[in-house]
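As structure tokens, the structure follows; a few thoughts come after it.
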Amino acid sequence: MCGGFTCSKNALIALNILYVMVGFLLIGVGVYARAASIVTNLPIVGGILACGIILILISILGLAGAVKHHQVMLFFYMIILFLLFLIQFSIASSCLAVNSEQQQEFAEEGWNTVPASMHKQVQDTFLCCGFNSTNTTGTSAEASCDLVNKQCCAGSFDSNCQCPPCLPKLEDKINYAFKLCGGLGIFFSFTEFIGVWLTVRYRNQKDPRGLPSAFL
């Protein structure tokens, strides 16, 4: 019977193993989102990455509590997992709620805070010039577009040919990063809610071994 003690125990163990893999997946998604955005400061994405790390640590606690049917471990695991569900759900919802204007603000803030060497890296990567307007000479805060313009305008006979601004290309990357983090965060946050429900059920079941400390 799947509703029994052994089935609940095995299901909770399997769910925590899944959480470990989900944690590594969230970390990977967070790292990718930061790398894809390059110059922008994405604290919401950082929150998803932090949730992945915390989820791995909580899963270890859950595995130990499930194997031993330890009431105290299961209690704290249940509480922390529920709090993580609330945090991750909120962060993921924020990721999905960010609009294009807010994305542009993130991009502009990040562009203004990084050095000219990072500007050059972005311009070389995306073949663009400047943030929202071109800059051919370069300043102490901006990188010159002379070299990247030669790549953009190779074969062109237009003396005024220039690379397009970087903002449109950065917006696409940022939008994808937010949607990816938000979608995965929402999906896996509901698996954590299932984990809370399963833990409550398993914790209230009596261990058939009949040990005095098996059920308090």
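The values are calculated or read from the model by the stated rules, or taken from the named source; none is laboratory data. Since we're looking at a predicted model, the values are computed, not measured. Reconstructed Cβ throughout: ideal geometry from the backbone, glycine too, with neighbour counts over all protein chains shown.
Table for the structure above
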quantity	calculated
Residues of segment 123-151 that turn out to be at pLDDT 75 or above and buried (at least 17 other Cβ atoms within 10 Å of the Cβ), as a count	9
Check on Val196, at pLDDT 75 or above and more than 30 Å from Gln71 (Cβ to Cβ)	no
Filter result for the condition that a residue is of a type outside the set (Ser, Thr, Tyr) and outside any helix (DSSP H, G or I), over Gly62, Gly130, Gly110	Gly130
Complete set of residues in segment 75-98 that are over 16 Å from Gly62 (Cβ atoms) and hydroxyl-bearing (Ser, Thr, Tyr)	Ser90, Ser93, Ser94
Yes/no for Ser94 being in contact (Cβ under 8 Å) with a residue 12 or more places away in the chain, among the polar types (S, T, N, Q), out of contact with any Phe, Trp or Tyr (no Cβ under 8 Å at 6 or more places or on another chain) and surrounded by 15 or more Cβ atoms within 10 Å (Cβ to Cβ)	yes
Per-region count, segment 2-43, residues among the hydroxyl-bearing types (Ser, Thr, Tyr) and modelled with pLDDT of 75 or more	3
